[in-house]
Amino acid sequence: MKKLLVTGGTTFVSKYVAEYFVNAGYEVYVLNRNTKPQVQGVKLIEGDRHNLTGILKDLSFDVVADITAYNEKDIVDFVNELGSYEQYTKDGEMKLQFFHVKDLCKLMEVIIKEKPEEHILNVGNALAVSIKEWVKKCYESLGKTPTFVNVYEDIEQRNYFSFYNYEYYLDVSRQSKIYPETISLEDGLKDAVEWYLEHSAEVNKKPYFKFIDENLLES
């Protein structure tokens, strides 16, 4: 049985990855601070990725899936603490170039099974969209039309929107060689809407609309 270590494992993408590979028959370990309920069937390694004090040094994994890294320090601190592992996968947050979590897990399976020569891959759909286009598509998937309000730059964007105020476009040609077909943004959003409507109580909602109503809309 393959041994897989997933960072996080309790929310969003990392939770889905943990559940996916438990159901696929892998021995799944998760690394987190144990502040949220764990996925059934995983083995918990409790700790902070920046202060692991050697708890991973004597452990060996076939694959390490680092889902929760955001910057170079996150990666370096974590990799320096790892003991033995065969493959390391980093999945970063895509701001304007999206990737369905089902595609992510299937791509990881391809990498695990086929061991491609390319060890570092950008992942994402080949087509990118602007933030405005993405918002429109989100509303369309619910049968609604958004209203846009211009916001001055001195207001921190993360107070009212889920993404930081920057964008980048990744070259996913290496991914396309081994995993050419991906779920479209439109189909992915429909899937996400169906999931949300069934599981909205499980979602940790940010007070974006409250901030917008109180600070950005004219009375």
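The values are calculated or read from the model by the stated rules, or taken from the named source; none is laboratory data. Remember, predicted model here, so these are calculated numbers, not experimental data. All Cβ positions, even for glycine, are placed from backbone atoms using ideal geometry, and neighbour counts span all protein chains on display.
Remarks
- Residue check for residue 178: modelled with pLDDT under 90, closer than 26 Å to residue 105 by Cα and surrounded by 13 or more Cβ atoms within 10 Å (Cβ to Cβ): no
- Pairs are defined by a Cβ separation below 8 Å, a sequence spacing of at least 6 or placement on different chains, a first member in the stretch 126-147 that is under 16 Å from residue 160 (Cβ atoms), and a second member that is loosely packed, with under 12 Cβ neighbours inside 10 Å and of a type in the set (A, V, I, L, M, F, W, C); the pairs so defined are 132/148; 135/148.
- Exactly one residue out of 85, 16, 26 is of a type in the set (Phe, Trp, Tyr), closer than 23 Å to residue 202 by Cβ and modelled with pLDDT under 95, and it is 16.
- Hits in the stretch 26-74 - residues which are in contact with a helix residue (DSSP H, G or I) (Cβ under 8 Å, 6 or more places away or on another chain) and surrounded by fewer than 16 Cβ atoms within 10 Å (Cβ to Cβ): 40, 41, 50, 54, 55, 57
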